[in-house]
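Below is one structure, written out as structure tokens; the observations come after it.
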């Protein structure tokens, strides 16, 4: 098979391309950023329903998964999951960490090749799955917890951003 | 390009294969089914937080999107969005509709080809996007609303199913 044939096939036969999947993820991350912004400062750190975590705690989890996760996948270095360095005490600090994670994700993503997505990686030394499944988990877990954040905002009488705006 | 080269490339170069994406979607649908089951009958139809919809109303929405959406994409028939036929009055009826939708989705999915995912379709006559974006929207919207359902369950003192169990 020559390179031209391979390139044409790659372009025309993807269910989703690598670029589209990154845009999809970063679009979700952009929406989550606006959900963080929508929280009143105090309630971001204190409000919860039914004994669940605060949105600050959920944000710390999302920060501990996204950038460290993609870094592990690309560098093939198995590091344990840890939230200590992703915790902060103000919304502004969380937003700063969020934006840094955005670039880290873009940088590592550009080092991934299409054939890497089907390879298995032992994420955080705990989740040994194909890379595509780990990445979809990053996205789904964020959408799941952000859905929780929407209920917190509504319960606080705050209008959340539109779900379809990325 | 000969067929063999094309087949090899399709197998080795997918970010996500068509089968994997269906399994991913149906895995999420299976989890949502268990969230519906976890609700007490009365609260499924009556409980909500912050003026949001009940989980029965959200389920009617998910039923109005998934199977009708994929049917539209495959048949190329533009039908308006409608929830009337997806509404029911008992959890058992919703679960029956859910299981019917599971087969409908599998049936239409098997008629999709890899090259269809990048084609544009005017879903419900309102959302003119590439098919892959519409399908990802079906999944994300379900994860989002199900996240909302998790908060309702926790507020009701009911333990929701584990998020990672599909």
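Could you tell me how many of the residues in region A:112-126 are within 8 Å of chain B (Cβ to nearest Cβ) and in contact with a strand residue (DSSP E or B) (Cβ under 9 Å, 6 or more places away or on another chain)? If you could, list the steps in order and put the result at the bottom.
Taking region A:112-126 and keeping what is within 8 Å of chain B (Cβ to nearest Cβ), we get A:114-115, A:117-118.
Those still in the list that are in contact with a strand residue (DSSP E or B) (Cβ under 9 Å, 6 or more places away or on another chain) too: A:117-118.
Adding up the residues that qualify gives 2.
When you look at residue B:146, is it within 14 Å of chain A (Cβ to nearest Cβ) and under 25 Å from residue A:53 (Cβ atoms), yes or no?
Yes.
Return a yes/no flag: does region A:127-138 have any residue that is facing chain B (nearest Cβ under 9 Å), over 17 Å from the mean Cα position of the chain (by Cα) and assigned to a helix (DSSP H, G or I).
No, region A:127-138 has no match at all.
Which is surrounded by 14 or more Cβ atoms within 10 Å (Cβ to Cβ), under 17 Å from the mean Cα position of the chain (by Cα) and closer than 26 Å to residue B:160 by Cβ, of A:104, A:35?
A:35
Residues in region A:10-18: is at least one modelled with pLDDT under 95, in a helix (DSSP H, G or I) and within 20 Å of residue A:131 (Cβ to Cβ)?
Yes, the conditions are met somewhere in region A:10-18.
Of all residues in region B:44-77, how many are assigned to a helix (DSSP H, G or I), within 13 Å of chain A (Cβ to nearest Cβ) and under 14 Å from residue B:151 (Cα atoms)?
Of the residues in region B:44-77, 2 are assigned to a helix (DSSP H, G or I), within 13 Å of chain A (Cβ to nearest Cβ) and under 14 Å from residue B:151 (Cα atoms).
Please specify each residue of region A:76-93 satisfying the condition of being under 16 Å from residue A:104 (Cα atoms), surrounded by 11 or more Cβ atoms within 10 Å (Cβ to Cβ) and free of Cβ contacts under 8 Å to residues at least 24 places away in the same chain.
Selection gives A:85 alone.
Could you tell me whether any residue of region A:46-54 is touching a helix residue (DSSP H, G or I) at 6+ places or on another chain (Cβ under 7 Å) and either surrounded by 20 or more Cβ atoms within 10 Å (Cβ to Cβ) or modelled with pLDDT under 95 (or both)?
Within region A:46-54, none of the residues are touching a helix residue (DSSP H, G or I) at 6+ places or on another chain (Cβ under 7 Å) and either surrounded by 20 or more Cβ atoms within 10 Å (Cβ to Cβ) or modelled with pLDDT under 95 (or both).
Here is a yes/no grid of residues against (1) more than 25 Å from residue A:16 (Cβ to Cβ); (2) assigned to a helix (DSSP H, G or I):
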residue: A:79; (1), (2): yes, no
residue: A:92; (1), (2): yes, yes
residue: A:100; (1), (2): yes, yes
residue: A:141; (1), (2): no, yes
residue: A:148; (1), (2): yes, yes
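The values are calculated or read from the model by the stated rules, or taken from the named source; none is laboratory data. Since the structure is predicted, the reported quantities are computational estimates derived from the model, not experimental observations. FYI the Cβ positions are ideal-geometry reconstructions off the backbone, even for glycines, and counts take in every protein chain you see.
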